[in-house]
Amino acid sequence: MNTPKRCAWVSEDNPLLIRYHDQEWGVPVHDDVKHFEFLALEGAQAGLNWSIILNKREGYRRAFSGFDPAKVARYNEKRVEKLVLDSSIIRNRLKIKSAVTNAKAFLGVQEEFGTFDAYAWQFVDGQPKLNRWKFMRQIPATSRESDAFSKDLKHRGFTFVGSTIIYAHMQAIGMVNDHLVDCFRYRDIQRLKA
């Protein structure tokens with residue numbers, strides 16, 4: 001059986017990473033809970049390998065109430081202390097508190113824009129940015145759009161949302177198609193509508 005050509009960052013011996021790449025990465029997301037999930041996971045990933053976070057994703061879903069921002073926004077210090085002891089997630093107090101802080105800010109964005117999705121997609125004029133990278137080294141860590149998105153999120157009180165983290169968020173939720181052009185998902189994603 002022929003293995004399809006994938007982006008070079010995908011380890012062929014990691015089924016979880018393969019499934020993420022093949023089914024999620026770069027697919028346009030318009031669900032606010034999914035937006036919050038990726039923001040929380042990408043903040044937790046700061047300084048770590050994404051596969052570590054994928055391996056803990058189910059633990060995060062349990063620990064963070066299915067990524068319901070309204071529930072996470074109500075977490076108090078006692079709940080944070082409990083999460084710091086939870087081995088099913090990254091037990092970094094700053095990252096855990098960031099998820100709670102960001103849930104509160106997320107609700108503020110929803111109140112102002114109706115949905116976080118409407119707010120987020122404005123940074124790419126409502127359409128995915130289609131790149132045509134041939135090599136991993138061509139893919140930037142940030143962009144003008146991620147710089148603007150990050151700056152605005154910080155202004156609204158979000159934390160762990162630097163431009164690099166936000167660019168990763170934009171890749172994950174399909175605001176940017178950074179599949180390499182020879183990856184089998186490049187054309188599939190290109191055909192999807194925002």
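The values are calculated or read from the model by the stated rules, or taken from the named source; none is laboratory data. Here the structure is a predicted model, which is why all the values come from computation and not from measurement. We place every Cβ from the backbone using ideal geometry, glycine too, and count neighbours over all the protein chains shown. Note: areas computed on protein heavy atoms with side chains; ligands, DNA, RNA excluded. Shrake-Rupley method; radii C 1.70, N 1.55, O 1.52, S 1.80 Å.
For this structure, a couple of remarks:
- Count of residues meeting criterion [of a type in the set (A, V, I, L, M, F, W, C), farther than 11 Å from Ala172 by Cα and either in a helix (DSSP H, G or I) or touching a Pro at 6+ places or on another chain (Cβ under 9 Å) (or both)] in the stretch 1-40: 6
- Of the residues examined, Asp86 is not one that is on the phi > 0 side of the Ramachandran plot and at pLDDT 95 or above.
- Matching residues in the stretch 1-54 - criterion: being open to solvent by 20 Å² or more (accessible area, probe 1.4 Å) and without any contact (Cβ under 8 Å) to a residue 12 or more places away in the chain: Met1, Asn2, Thr3, Glu12, Asp13, Pro15, Arg19, Gln23, Gly47, Asn49
- Qualifying residues in the stretch 141-153 (those that are within 16 Å of the chain's Cα centre (by Cα) and either open to solvent by 20 Å² or more (accessible area, probe 1.4 Å) or modelled with pLDDT under 95 (or both)) - the one farthest from His179 (Cα to Cα): Asp147
- Total residues in the stretch 154-167, condition open to solvent by 70 Å² or more (accessible area, probe 1.4 Å) and of a type outside the set (D, E, K, R): 2
- Checked against (1) in a helix (DSSP H, G or I); (2) in contact (Cβ under 8 Å) with a residue 60 or more places away in the chain; (3) among the aromatic types (Phe, Trp, Tyr), Tyr60 passes all but condition (2).
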